[in-house]
Every structure is written in C-alpha cells, then in structure tokens.
Amino acid sequence: MKRFGLVLALLVLFGTLTVGTVRAEGTYSVVAYLSTLHEVNLDNALSVLGGTREGDCVVAYKNVNGLEHPFEIRVYQSRVEVWYSGQKAEILKVLRVVDPSGVVSAGDVTVNDLYIVHVLLNTYNDLVSGGAVQEGYDGIELRSMPQGIKVWYHYAAGRSKEGTTTGSTITVANGSQYVVSFEGHAGNAYDDRVKITIGSSVIFQNGGASVNSYKVGSWSGSVKVEVYDSASDQGYAYVVVTYFDGDVTISNKFGFLKYIDIKPYTSSVTFNFRDALTGQPLTGVTVKDTDGTVLGTVDDEGSLELARGQHTLTFEKTGYWSVTKTIDVQNDTSVSVEMYPSSAAFKLENFPSEITIPEHTVYTLTFTISPINTDATYNTYLSLSGLSDVLEVRKDGSLVSPENGRYYLGDISSPTQISIKFKAGEQGTNGFTMTLESHDAVMTKTYTTTKQVVYKVEPLPFNVQMSSEWQVGTNELRISEASGQSYLVTAVLKDSSGNEVWSDSHAFSPYEAHTFTVQIPKEGSYTLELMWNGHTAVYNVQVNPAISLKTRTLTVEKGSEGTIILHIKNPSSSVQYYTIKVSGGFLPKEISQSISVAPLTEKDVSIAFAVPDKLTYDAYELQVQVLQGDREVFKDSVAVTISGSSSDGFIPLGEGGSGTTMLLLAGGGLAAVLGLMMIRRRR
C-alpha cells in the first residue's frame, strides 16, 4: 500500500507530461553489454555462435521475427555486446518490456526487463554452456549512439476480479510511434476475454488462454483494458506503454511512470599534448565539449571517456592559444593536439615530422605559415640561424632576397607557403633555428615564432669516387651502386654561369660499378650534379692550373746563365708528357725541352738559358709555352732584368733614350768649359 501511495504521489508530481520531441527521427544504435569476470575463449565462442572472427572479436548475428535487422553479437576477450541499429520504432521494439506481469510485481521497470537484455543473456548462457567462458559477469549496462536517450515506461492497468471488467485507463495523445507491451490471462468460457483498446482501435482481443506480446503504432485516445474470467478471480491484464522522451503526451495516469536514462556509448580518448614549436609535452590542459561543458583537465597521455559520435573540442591552457578540433569517436582512439605559445603569431602547418636527406643533395623544406591572429602578423621577417648553405627562400613561389641576413615576408593575413632550399652536407644529424618575427599594426608589440628544425643526413645509395684534384681535359668519375636497387644516374657538369658543359647517364643494376669520363674544357669553378630518383647530389669542382710559373721575374748578369722554373701537377692515373718552349727577348733561338710527369705526382722543372755579353737593353721579356702533343696547355711570360747595365760608365751615342744622349752632351760640354778655365788660370 505504501508503494502504491508513493506511485500516486509521483503521478501528481509529474502532472500532465508534455515534453518537446527529442531525437524523434533518425537512426539509433543501442548496445547492451556485460563485462565478464573470466577471459573469453574466442575460438570456442566462434564455434558456439558461428559468425566470423574480426580482429579482436567474434561477430555473429541473431535473426528475430518482427525486427527489420538482426542483432549483431560481438564477443571480446573481456566482454560480450549485443548491438541493434534502426529507426525509432525499431529501437523501441528492442527496448520494450518483455514481461509486464513481472514489472508490475516488482513495481518498477529495470534494464533487466528489456528485450535486448534478454538477447544478451541468452547469448551469454550459450557461451557458458559451450565452454567459451566461465559463469559470472560484472553486471549489465545499456548504452546508445550517437548520444544518450531517455526512454519512458508507463504502466496502464491491473488485475481483474472474478466476473468483472477492469476499466482503469490512461489517455495517449497522438504523437510519434510508441510500443504497447501487454500480457493477460482469462478463462476458457464463452464470455471470458482479454481486450485492449486505444481509442476506437482494438490492439488485442483474446477469447481465452494467455497472451504476452506487443504492438507498435501511433494511436490516440484512452487505453482501456478489459478482463473477464467467469470461473475464478485469476483473470488479469497489464499494459506498459514505451516511448521516447517527448514523443507522446500521457494524461489520466494510473499505475507507475518510470524512465531509464540510457547513457551514450563511450570510448576512451587518449590525448597527446605538445608545444607546437618545441615538441615538449604539456600538462594541465582544459578540455571543453561542443556546448562548452568542461570535460576535464588532462595531462599529456591522459584520457577521457567520450560519447561515440562527433565532438568539437576546445583545448585551453594558460600561456597558449586555444585550439579547437573536431573528432569522430567510434572506438578507443588517440588525438594529438599541438598548442602554440601566446607569444607566437603563426601556426606552422604541413611541416614534415621527420626530415631525411641524402648527403650532398639539395633539399627544399616547404611548409605553410598561418596567422593565429592577423592582428599580430604585420611586418614579418624570417631568420635562419645555423644553416650556412642556403640557396634560396621563396614566399608563395616568389623569390625573396635576403636583407642583412633576414628575409622580408611582409604582412601575412592568410595561409602562406614558405620554401627554404639548402644543400645538405655530410652524414649525421644536423639542425638550424627558424624564427618568424612579426608585429602588431602600430609596431608596439613583437611576436616571435621560433622553431628548431632537425634533419638527418643519410648516405647516398651509391659510392662516389673522384679525383681530389680535377684537371683540364679528361677526368674519371666512378660510381658504385650500394643499395641493391636499380635506377638511372645522370651526371651533369655546369660552369660557374650554370651552363652545362658535359653530361652522361648510366642505368645501374644492383651493386654495379661504372666509370664516367668527364671532359673539362678549361680551368675554373664547376658544379657536378648527380641525379637519381628525384634527388640531386651536388659537388663543387675546382679546376686549378696544372702548370704554374714559379719564376715570373728574374735578374741576371751579362754573360751569365738564368733559370726559369715551372711547377707541373699530374692528378691523373697515367703518365703525362709535355714540351716546354722558351723564346723571345735576347735568346738567339728557341729553347725546347721535353719532360714527363708520373701519375698522381707533381714536380718543378728548370729551363736554363745563356745571357749574351753584349745587350742593348736592361730588361727583356721571354715567352714560355707548354705543349701536350700539338695542343697548347699553358702560356705565360717571364720578365728578365739585366744587372750591372748602369755601371759601365759609358753609353754609346745613339744608344739609349734621347734623354740620356742629351745628358751626355751636356756633361761633355761642361767638362770642356772647365778645362779651358783651368788653362787660362795657369797663364
């Protein structure tokens, strides 16, 4: 009696229930699951239930009459699940009360009274009897997707007296579909019956025996239960109306009103929080859901249970810009979140997580800078520290020239592509610092976005052998494939102006070696490029003179000998033959001398010549020429000064310059005048 009074009090409290429609349409998924106390043997489960093995679970299907789709049964090592997906009416069928009489006797509706739970328990019992799991589980839970739903249960009638009709009713206003679960019993006499009507619609009528069934519809009117048992007072009938929150309006309530709040089906989401510029983990990040609800404060590698479905999450931390990210939660998953310090003005997007470059190759680092706040991205400069071999910087494809070591990018108001081309050096791990400095519109505040860039230089897939000193003419370049792959290598030699002066290609088989013959036309600076599979390795080639003149000036005396010294290198692997010729000046005839230089050696060569006793001038120029066969490979001159030319005390008239002749005449005249003066004084 106390329970009945409590029920009536609740009914008065609820009054006439009118709630706005919530999730009246659309597709739902409802899952009933239990956690086992003992590990499930999936092989045995597959044998017992049939179905298929999909990853870490066994999936089977149970067809049920009256449902559009079969139940999907999922058996994992630690739990058993029964899923059903469908439109509203379908989901109501699996959430209906299976045994109304038991509900009445218990005075309430629980999860255990629902049909989907009976399917779950039957599956569990099959697994126990089949030896797939030991008996014992951790309770039953009911969840829904994409989010939680509230299901109402309204008890509508009760037991009848002998030979009487129970007319206890409720009124159901027209609305969306709902489920009427009913159970009853009457005698077998002519007038014995169980009859259930809603308005003018007969939901069920039985002329005797028992009934336990349900129907789905959208009737409107009073729910009336009629029971007549002429033989005894054991006739009874019960009705439970099941509906979604707000789908129907109930008045004239009788019995009890109960709802089950089915929580959303959740999955564990693990968060990886990082400082976007340093890569360091972050702690104490506040996570907010789509509606602004704070879900929790999480550290790096921390997790939250989120309802399955789509969430737009906002991440906040003091000293950092907030981040908003939309995720679709369907299973246990992890989410990576990069947060930028509030002192930075840019996000670095499409930035490679790892940079690996073959040695000596040219690499272009391309990424996008996106303003976090466009009020902080005026007058932007890019600086690169620790990167010596920068070839070029581009902004949205346009070349940017350096200004005192910095690159002016201007005002950035939208995502902008930046590319930095540089040459990698030797093997090892290298790095440089990239800084974006920007300002507010009035240049009163400075923002700094700094990124440490680390890249790894790996060996080439082939070995390169070349001369330590290149020479004019023929040079050898040997490449040995070392990776066990096949590919084409194209070698190109360019001069200092970027013009191609030689090229050749070879298709390498695994571990094959090949020697290229490189022809260099003249001395100077060159670039050797080796191209394969979209990569280009670059080497600087300097061709220094193989022959140099060590004696550019020389002082000799008349009647003596002089010596001219040349330095000759042979960087090749074969003997080189030369002919040295000296001519011109005071030499009566050309001097010719043949020499040879051993492979990979260098030496000085002396060319001696005789100086005549009588010479007209005090300086002469001798021509030095070196031939290799008939080809001239070197030409220069030597300035020879004749010592002692001014100490002879006499220069023949007519020789020397006109200035010297006039000086001698003046001197002779002065001597004659002095002589006459001395004679006259003696007299």
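Give me the strands (runs of 3 or more DSSP E) completely within the stretch 187-239, filtered to those with at least 1 residues that are within 60 Å of the chain's Cα centre (by Cα), ordered by residue number. Steps first, please.
Details: elements: 193-198, 201-206, 209-217, 221-228.
Qualifying strands (runs of 3 or more DSSP E): 209-217.
Based on what the data block shows, is Gly246 assigned to a loop (DSSP other than H, G, I, E, B) and either without any contact (Cβ under 8 Å) to a residue 40 or more places away in the chain or within 30 Å of Asp328 (Cα to Cα) (or both)?
On the way: assigned to a loop (DSSP other than H, G, I, E, B): yes; either without any contact (Cβ under 8 Å) to a residue 40 or more places away in the chain or within 30 Å of Asp328 (Cα to Cα) (or both): yes.
Yes, satisfied.
With the condition kept exactly as written, say whether any residue in the stretch 376-396 is free of Cβ contacts under 8 Å to residues at least 40 places away in the same chain and more than 29 Å from Pro459 (Cα to Cα). Before the answer, list the steps.
At the first step, the residues of the stretch 376-396 found to be free of Cβ contacts under 8 Å to residues at least 40 places away in the same chain are 388-396.
From what is left, the residues that are more than 29 Å from Pro459 (Cα to Cα) are 395-396.
Checking the stretch 376-396: at least one residue is free of Cβ contacts under 8 Å to residues at least 40 places away in the same chain and more than 29 Å from Pro459 (Cα to Cα).
For the stretch 468-509, name all the residues that are loosely packed, with under 12 Cβ neighbours inside 10 Å and closer than 26 Å to Asn544 by Cβ.
Ser468, Thr474, Ser496, Ser497, Gly498, Asn499, Glu500
Can you name every residue in the stretch 348-372 that is of a type in the set (A, V, I, L, M, F, W, C) and under 19 Å from Pro415 (Cβ atoms)?
Going through the stretch 348-372, the residues of a type in the set (A, V, I, L, M, F, W, C) turn out to be 348, 351, 355, 357, 362, 365, 367, 369, 372.
Passing the criteria: Leu348, Phe351, Leu365, Phe367, Ile369, Ile372.
Residue by residue, here is whether (1) small (Gly, Ala, Ser); (2) closer than 14 Å to Phe346 by Cβ holds:
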residue: Glu392; (1), (2): no, no
residue: Gly405; (1), (2): yes, no
residue: Ile412; (1), (2): no, yes
residue: Leu436; (1), (2): no, yes
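Which residues, counting only those in the stretch 563-583, are outside any strand (DSSP E or B) and over 20 Å from Asp630 (Cα atoms)? Full working, then the answer.
Going residue by residue through the stretch 563-583, those that are outside any strand (DSSP E or B) are 571-575.
Within the stretch 563-583, Pro571, Ser573 qualify.
Test of understanding: among Val64, Val82, which residue is crowded, with 19+ Cβ neighbours inside 10 Å, outside the structural domain of Gly217 (by TED's automatic domain parsing) and not basic (Lys, Arg)? Don't jump to the end; show me each part of the working.
Values: Val64 fails: crowded, with 19+ Cβ neighbours inside 10 Å.
Selected residue: Val82, the only one of Val64, Val82 that is crowded, with 19+ Cβ neighbours inside 10 Å, outside the structural domain of Gly217 (by TED's automatic domain parsing) and not basic (Lys, Arg).
If you go through the stretch 610-654, how many residues are outside any strand (DSSP E or B), among the charged types (D, E, K, R) and either assigned by TED's automatic domain parsing to the domain that holds Glu523 or at pLDDT 85 or above (or both)? Working first, answer last.
Pass one, the stretch 610-654, residues outside any strand (DSSP E or B): 611-618, 629-630, 644-654.
Retained after the next criterion (residues that are among the charged types (D, E, K, R)): 613-614, 618, 630, 648.
Those still in the list that are either assigned by TED's automatic domain parsing to the domain that holds Glu523 or at pLDDT 85 or above (or both) too: 613-614, 618, 630.
Residues flagged as outside any strand (DSSP E or B), among the charged types (D, E, K, R) and either assigned by TED's automatic domain parsing to the domain that holds Glu523 or at pLDDT 85 or above (or both) within the stretch 610-654 amount to 4.
Given His69, His118, which one is more than 47 Å from the chain's Cα centre (by Cα) and either modelled with pLDDT of 90 or more or crowded, with 20+ Cβ neighbours inside 10 Å (or both)?
Working: His69 fails: more than 47 Å from the chain's Cα centre (by Cα).
Sole residue among the options that is more than 47 Å from the chain's Cα centre (by Cα) and either modelled with pLDDT of 90 or more or crowded, with 20+ Cβ neighbours inside 10 Å (or both): His118.
Among the residues of the stretch 571-587, is there at least one that is surrounded by fewer than 16 Cβ atoms within 10 Å (Cβ to Cβ), in the same structural domain as Val638 (by TED's automatic domain parsing), of a type outside the set (D, E, K, R) and closer than 30 Å to Glu359 by Cα?
The answer is yes, given that some residue of the stretch 571-587 is surrounded by fewer than 16 Cβ atoms within 10 Å (Cβ to Cβ), in the same structural domain as Val638 (by TED's automatic domain parsing), of a type outside the set (D, E, K, R) and closer than 30 Å to Glu359 by Cα.
Take Ala345 and tell me if it is of a type in the set (Gly, Ala, Ser), more than 29 Å from Val442 (Cβ to Cβ) and buried (at least 19 other Cβ atoms within 10 Å of the Cβ).
On the way: of a type in the set (Gly, Ala, Ser): yes; more than 29 Å from Val442 (Cβ to Cβ): no; buried (at least 19 other Cβ atoms within 10 Å of the Cβ): yes.
Criteria not met by Ala345.
When you go through Ala546, Ala537, Ala513 one by one, which is the residue that is of a type outside the set (Ser, Thr, Tyr) and under 25 Å from Tyr577 (Cβ atoms)?
Exactly one of Ala546, Ala537, Ala513 is of a type outside the set (Ser, Thr, Tyr) and under 25 Å from Tyr577 (Cβ atoms), namely Ala546.
Could you look through the stretch 361-392, keep only residues that are among the hydrophobic types (A, V, I, L, M, F, W, C) and under 24 Å from Asp440 (Cα atoms), and pick out the one that is surrounded by the fewest Cβ atoms within 10 Å (Cβ to Cβ)? Spell out the reasoning first.
From the stretch 361-392, those among the hydrophobic types (A, V, I, L, M, F, W, C) are 362, 365, 367, 369, 372, 376, 382, 384, 387, 390-391; that's our starting set.
Next cut, under 24 Å from Asp440 (Cα atoms) only: 367, 369, 372, 376, 382, 384.
Numbers: Phe367: 17, Ile369: 26, Ile372: 20, Ala376: 22, Leu382: 20, Leu384: 19.
Among residues in the stretch 361-392 that are among the hydrophobic types (A, V, I, L, M, F, W, C) and under 24 Å from Asp440 (Cα atoms), the one surrounded by the fewest Cβ atoms within 10 Å (Cβ to Cβ) is Phe367.
Across the stretch 408-444, which residue is surrounded by the fewest Cβ atoms within 10 Å (Cβ to Cβ) among those that are farther than 16 Å from Asp389 by Cβ and aliphatic (A, V, I, L, M)? Show your work before the answer.
From the stretch 408-444, those farther than 16 Å from Asp389 by Cβ are 408-418, 429, 435-444; that's our starting set.
This time we only want the ones that are aliphatic (A, V, I, L, M), so: 409, 412, 418, 436, 441-443.
Details: Leu409: 21, Ile412: 22, Ile418: 22, Leu436: 23, Ala441: 13, Val442: 7, Met443: 9.
By that ranking, first place goes to Val442.
Of the residues that sit in the stretch 301-336 and are outside any strand (DSSP E or B) and over 20 Å from Pro281 (Cβ atoms), which one is farthest from the chain's Cα centre (by Cα)?
Arg308
Does at least one position in the stretch 429-439 carry a residue that is more than 26 Å from Thr527 (Cβ to Cβ) and among the charged types (D, E, K, R)?
yes
Please tell me if Ala186 is more than 19 Å from Val211 (Cβ to Cβ) and at pLDDT 70 or above. Give the derivation first.
Working: more than 19 Å from Val211 (Cβ to Cβ): no; at pLDDT 70 or above: yes.
Considered against the rule, which asks whether it is more than 19 Å from Val211 (Cβ to Cβ) and at pLDDT 70 or above, Ala186 comes out as no.
Is it the case that the stretch 399-407 has a residue that's among the β-branched types (Val, Ile, Thr), at pLDDT 95 or above and more than 17 Å from Leu384 (Cα to Cα)? Walk me through it before giving the result.
First, the residues of the stretch 399-407 that are among the β-branched types (Val, Ile, Thr): 400.
This time we only want the ones that are at pLDDT 95 or above, so: 400.
After this cut, where a residue has to be more than 17 Å from Leu384 (Cα to Cα) as well, the list is none.
Looking through the stretch 399-407, none of the residues is among the β-branched types (Val, Ile, Thr), at pLDDT 95 or above and more than 17 Å from Leu384 (Cα to Cα).
The values are calculated or read from the model by the stated rules, or taken from the named source; none is laboratory data. Model, not experiment: these values are computed from the prediction. Backbone-built Cβ (ideal geometry, glycine too); neighbour counts: all protein chains shown.
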